[in-house]
Structures are given as C-alpha cells and as structure tokens.
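A.B. asks: Pasting in a structure now, in structure tokens, and then I'll have a few things to ask.
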Amino acid sequence: MQPPGRVRSLVLELEDGRAWGAYGSGELLHGCVRLELRGTLRLRALEVCARGRAAVHWLESRSVGFNTVYHDYTAFQTFLHRRRQLIPAIPLQPLSLPSGFPDTEIHESQGNERCLQLVLLQLPL
C-alpha cells in the first residue's frame, strides 16, 4: 500500500555511500536530492537541513561515610546545522510542479523512473 499524497519519494543520496552516515569535522557532503511525484505539487521552496549533534550523559558516585553522593553530568554539542535552498522561495509566487515532475533540464531519467536530480550539496562540517 502506497502512502497518500503527491510525493512518491523524496530521497537524499550522498555520493560516498557510507553505511553508517558518520562524518568527521571538515568533510564535505556531496550528493543529490531525488524527488518523484504522483500528482501536481504546489510549493513555495525546497530546502535541505543538515544537522549533526552529540549528547553524552554519565553518573558518578562516591561514598561519604554511610552515604553515597551522586554527581549527574550531561553535555550537548552541535557540530553542524546548515540549510540549503534547492528551489529558492519566490515571495507570493508558489511554484507548481506537474505530475511526473520534472520535465526540465535539471532532471535525470533512469528507465521508467523519473526523478529530480538537483545540484550537488556541499556543506562544510
């Protein structure tokens, strides 16, 4: 059973194909966004938001006489938070993408699959 709606699929494909999706500081992400539609879709913009965060929590205890004292530690760090507009917003002019989009020069057809292949996404970490 297919989910309802006009978007058949929306996939972010990174070129290096890492199974775990872990990246280090300073690496560039290269890839494309593939959008396949079932019907006409009206939108104002299309953007990708990439986030990378880390969280850690631990508990330390020590004995003080007959009592145990606990210290609770938590830390969070954001390494990456970037947004990239793939189809820029045009004020007061929603864009209408036809069924089977795209039929423009920025698409790629593979057999019976018709999908959007947008510009490379290069986000410094």
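The values are calculated or read from the model by the stated rules, or taken from the named source; none is laboratory data. All values reported here derive from a predicted model rather than from experimental measurement. Methodologically, a virtual Cβ is constructed for each residue, glycine included, from the backbone with ideal geometry; neighbour enumeration extends over all protein chains shown.
A.B. asks: If you take just the strands (runs of 3 or more DSSP E) that sit entirely in the stretch 30-75, which of them hold at least 1 residues that are touching a strand residue (DSSP E or B) at 6+ places or on another chain (Cβ under 8 Å), loosely packed, with under 15 Cβ neighbours inside 10 Å and acidic (Asp, Glu)?
C.D. replies: The strands (runs of 3 or more DSSP E) meeting that bar are 46-64.
A.B. asks: Is there a residue in the stretch 26-42 that is of a type in the set (Ser, Thr, Tyr) and either closer than 25 Å to Val7 by Cα or over 19 Å from the mean Cα position of the chain (by Cα) (or both)?
C.D. replies: Yes: one or more hits.
A.B. asks: Condition check: assigned to a strand (DSSP E or B), in contact (Cβ under 8 Å) with a residue 24 or more places away in the chain and among the charged types (D, E, K, R). Does Arg83 satisfy that?
C.D. replies: yes
A.B. asks: Let me ask something else about it. Any chance the stretch 85-97 includes a residue that's modelled with pLDDT of 80 or more and over 18 Å from the mean Cα position of the chain (by Cα)?
C.D. replies: no
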